[in-house]
């Protein structure tokens, strides 16, 4: 999920996580470095801890071994979480903003603990922080990019899983199913219309787009819950 942090000043709308400013005539978009050591570190930590959390949820002592489930979990997190956050980042950069991911270490540790003891993923690993001058529409599109990417990934995998293309006993099926489940979950979870989730900013921009996105994400997650596990 993106969080706006306009370091040049701006107009605040609602919560602190929904702040933007509007550029005037003749304003030129600045250029920003694509990443930083801090962002790389935070992404690596988030990927590692979310992989552990997913592992705790899906691991079954069935003879395939812990390494097998760790690899499947790592691919699912990369395809789901990493794609989600980078979609926010690069759409924001397209609008001329500085945008970098920052991990929330406390929430990441909490996610691991909850996954270990309860078997549920509480996915609030951090956010893409954004600084720049954007409109409400641009902020809505930046917010939609994350769950939208998750839905595209899940939709692309659906034929492989539900049309009999992959054998249910194969490693490829396990991998596709885990990626599908995690991507559908992230899309639905982040569309909650409450701060700091993406849903609130999409709703504030375009309610029709929000409802359509929520229905699509809800359908994919329902399919994951009822057909995979």
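A few points about this structure:
- DSSP-defined beta bridges in the chain - what % are antiparallel, rounded to 5: 75
- Cα convex hull volume per residue for region 159-226 (Å³): 79
- From most to least packed by mean Cβ count within 10 Å, the peptides 155-167, 87-99 give 87-99, 155-167.
- Rounded tilt (10° steps) of 66-77 against the dominant C-alpha axis of the chain: 30
- Extent along principal axes [Cα atoms of the chain; Å; largest to smallest]: 63, 37, 28
- Think of it as helices only: each DSSP H run of n ≥ 4 in the chain is worth -39500 (n - 2.57), and spread over all residues that comes to -19500 deg cm²/dmol at 222 nm.
- Tail fraction, Cα-Cα pairs, region 27-123, threshold 20 Å, whole percent: 45
- Listed residues 193, 125, 33, most fluctuating in the chain (Gaussian network, C-alpha, under 10 Å): 33
- Helix 136-162 axis versus longest C-alpha principal axis of the chain: approximately 20°, rounded to the nearest ten.
- For the chain, modelled as a GNM whose springs connect Cα atoms under 10 angstrom apart, the maximal fluctuation among 107, 151, 86 occurs at 107.
- Percentage relative contact order, region 118-226, counting C-alpha pairs under 8 Å, at least six apart: 31
- The overall shape of region 95-185, judged from the alpha-carbon gyration tensor, is oblate: a/c is not under 1.5, and a/b is no greater than b/c.
- 0 to 90° range, to nearest 10: angle between helix 37-58 axis and the chain longest Cα axis: 30
Bear in mind that the values in this text are calculations on the coordinates, not laboratory data. The structure displayed is predicted, hence computed values, not measured ones. No Cβ is skipped: glycine too gets one built from the backbone with ideal geometry, and neighbour counts run over all protein chains shown.
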